[in-house]
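Asker: Please see the structure below; I have some questions.
The values are calculated or read from the model by the stated rules, or taken from the named source; none is laboratory data. As the structure is a prediction and not an experimental result, all values here were calculated from the model. A quick note on method: Cβ atoms are made from the backbone with ideal geometry, for glycine too, and the neighbour counts reach across all protein chains shown.
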Amino acid sequence: MSSALPVADGPAVYAIHENPEWFGVFREAFEAEGVPLVEWLLVDGPLDPLAVPPDGVFWSRISASSHTRGHALSKEYARSVLAWLESNGRRTVNGRAVLELEVSKVAQLAALKRAGIEVPRTVAAIGTAHLVDVARDFHRELAAPFIVKHNQGGKGLSVARFESPDDLEAAIARGDLDEPQDGITLVQEYVPPAEPFITRVEIVGGEFLYAIRADTARGGFQLCPADACAIDPATGKPITPPGATIAPQPGDQLFSLREGFRHPIIDQYLAFTRANGIEIAGIEFIETADGRLVTYDVNTNTNYNAAVEAVAPDSGARAIARYLGGLLADASAGRLAQSGHPAR
């Protein structure tokens, strides 16, 4: 697939992404819903910033973890592409401003707190030279285990729990901690769950779709719902991720539908996504052992789990296809009206 912008014969939904392995379910959903789709694989290739973009709706699925797949420049490329599209009046979904939330947990936490949503206590360390000093100050205040994670991460990669700053210092000395892509590492309170699971709330087009329950005993910190995240490509066996207390076995399902889930947090999330221009998202929270509900992650390139999709009241992938298809129809009708032709 070429990285240059492929152009459809007519108006279409253009999916901007960098990981074909995650995209098959969406390709199938758009075909099933009869919505014209063009994939734009944003890993390299030319861009003419003086050209006029094709007609369509442009959906960004650029991920904060793209650098872990050898696509370190996709995020920067996407910033320019989305700015180009929006300056030409094209309809973007999860556009330029939302990308900034996707690639920065600092930005996510600040926005969530501003919306009145509780988040874990967090300090950002710029560079690694003073990371241990930052952790010592943090640990002195909380006197409890803490985690470190990259500001620009994904799939739970880079997340590690430490009992003390000395343990962190030893891990750094061993070379166990990777350098963060953007130079920012978070030191964050470890939030013990009341039960070993987290909840992920899926939102499409400003509507609550469903909630899933993710098993942290087997999934640890790496709770990516895409099937491709669960299997080691070298061995073909389930991955036992950092933070897991039980090794997953073939056939284990880490994700299940949280049936009948209704909670005031849903309305808070819907208001948060509207305020920040987020149209498609999966937002994760922990119900804690001390009775809090703590939100810690916003995924704006959300993936869906096949086992959950099979029993959910609606398919996330098909809901996205219908939503973007509706936006495409509205955009096409608007152009027809502007040209003097009746919209049908």
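Asker: With the requirement that a residue be touching a helix residue (DSSP H, G or I) at 6+ places or on another chain (Cβ under 6 Å), over 22 Å from GLY325 (Cα atoms) and crowded, with 19+ Cβ neighbours inside 10 Å, what does segment 44-74 give you?
Answerer: ALA64, SER66, SER74
Asker: A further question on this structure: When you look at SER80, is it among the hydroxyl-bearing types (Ser, Thr, Tyr) and assigned to a helix (DSSP H, G or I), yes or no?
Answerer: The answer is yes for SER80.
Asker: While we're on this one: Looking at segment 150-164, can you tell me whether even one residue there is of a type in the set (D, E, K, R), within 23 Å of the chain's Cα centre (by Cα) and under 24 Å from LEU270 (Cα atoms)?
Answerer: yes
Asker: How about segment 124-155: which of its residues are over 19 Å from ALA110 (Cα atoms) and either touching a Gly at 6+ places or on another chain (Cβ under 7 Å) or assigned by TED's automatic domain parsing to the domain that holds ASN301 (or both)?
Answerer: GLY127
Asker: Additional query: So for segment 185-192 (the condition being out of contact with any strand residue (DSSP E or B) (no Cβ under 8 Å at 6 or more places or on another chain), within 26 Å of THR288 (Cβ to Cβ) and of a type outside the set (D, E, K, R)), does at least one residue qualify?
Answerer: No, that holds for no residue.
Asker: Would you pick out the residues in segment 41-62 that are part of a strand (DSSP E or B), farther than 20 Å from ALA333 by Cβ and aliphatic (A, V, I, L, M)?
Answerer: Listed by number, the list holds a single entry, LEU41.
Asker: Ok, one more. Quick one: what pairs do we get from segment 16-30, first residue closer than 21 Å to LEU5 by Cβ, second modelled with pLDDT of 95 or more and among the charged types (D, E, K, R), C-beta under 6 Å, 6+ apart or different chains?
Answerer: HIS17/ARG61
Asker: Pick from THR302, THR295: which is of a type in the set (Ser, Thr, Tyr) and closer than 24 Å to ASN19 by Cβ?
Answerer: Residue meeting the stated conditions: THR302.
Asker: Right, something else. Return the residues of segment 1-30 that are more than 20 Å from the chain's Cα centre (by Cα) and polar (S, T, N, Q); say none if nothing qualifies.
Answerer: SER2, SER3
Asker: For segment 128-142, does any single residue satisfy the condition of being surrounded by fewer than 23 Cβ atoms within 10 Å (Cβ to Cβ), among the β-branched types (Val, Ile, Thr) and in contact with a Pro (Cβ under 7 Å, 6 or more places away or on another chain)?
Answerer: Scanning segment 128-142 turns up at least one residue that is surrounded by fewer than 23 Cβ atoms within 10 Å (Cβ to Cβ), among the β-branched types (Val, Ile, Thr) and in contact with a Pro (Cβ under 7 Å, 6 or more places away or on another chain).
Asker: Consider VAL38 against the criteria (1) among the β-branched types (Val, Ile, Thr); (2) without any contact (Cβ under 8 Å) to a residue 60 or more places away in the chain; (3) touching a strand residue (DSSP E or B) at 6+ places or on another chain (Cβ under 8 Å); (4) in a loop (DSSP other than H, G, I, E, B): it satisfies all of them except one. Which criterion is unmet?
Answerer: Every listed condition holds for VAL38 apart from (4).
Asker: Within segment 84-93, identify whether any single residue is in a strand (DSSP E or B) and of a type in the set (Lys, Arg), and answer yes or no.
Answerer: Yes; the residues of segment 84-93 include at least one that is in a strand (DSSP E or B) and of a type in the set (Lys, Arg).
Asker: Take the conditions modelled with pLDDT under 95, over 21 Å from the mean Cα position of the chain (by Cα) and within 29 Å of PRO6 (Cα to Cα) and apply them to PRO46. Does it pass?
Answerer: Spelling it out, PRO46 is indeed modelled with pLDDT under 95, over 21 Å from the mean Cα position of the chain (by Cα) and within 29 Å of PRO6 (Cα to Cα).
Asker: Now for a different question. Out of the residues in segment 273-300 meeting the condition of being more than 17 Å from TRP59 (Cβ to Cβ) and among the acidic types (Asp, Glu), tell me which one is farthest from the chain's Cα centre (by Cα).
Answerer: So the residue we want is ASP290.
Asker: Right, another one. Please determine whether any residue of segment 115-137 is among the hydrophobic types (A, V, I, L, M, F, W, C), farther than 20 Å from PRO192 by Cα and free of Cβ contacts under 8 Å to residues at least 40 places away in the same chain.
Answerer: Looking for residues that are among the hydrophobic types (A, V, I, L, M, F, W, C), farther than 20 Å from PRO192 by Cα and free of Cβ contacts under 8 Å to residues at least 40 places away in the same chain, one finds at least one in segment 115-137, hence yes.
Asker: So which residues in segment 41-82 are among the β-branched types (Val, Ile, Thr) and out of contact with any strand residue (DSSP E or B) (no Cβ under 9 Å at 6 or more places or on another chain), if there are any at all?
Answerer: Across segment 41-82, the qualifying residues are VAL43, VAL52, THR68.
Asker: Mind checking which residues of segment 96-126 are surrounded by fewer than 22 Cβ atoms within 10 Å (Cβ to Cβ) and farther than 30 Å from GLY291 by Cβ?
Answerer: ARG96, ALA97, GLU100, ILE126
Asker: Turning to a different aspect of this structure: Check ALA194 against each of (1) buried (at least 22 other Cβ atoms within 10 Å of the Cβ); (2) hydrophobic (A, V, I, L, M, F, W, C); (3) within 24 Å of GLN268 (Cβ to Cβ) and name the one condition it does not meet.
Answerer: Checking ALA194 against (1) buried (at least 22 other Cβ atoms within 10 Å of the Cβ); (2) hydrophobic (A, V, I, L, M, F, W, C); (3) within 24 Å of GLN268 (Cβ to Cβ), the one that fails is (1).
Asker: Could you count how many residues in segment 252-293 are hydroxyl-bearing (Ser, Thr, Tyr) and buried (at least 21 other Cβ atoms within 10 Å of the Cβ)?
Answerer: 2
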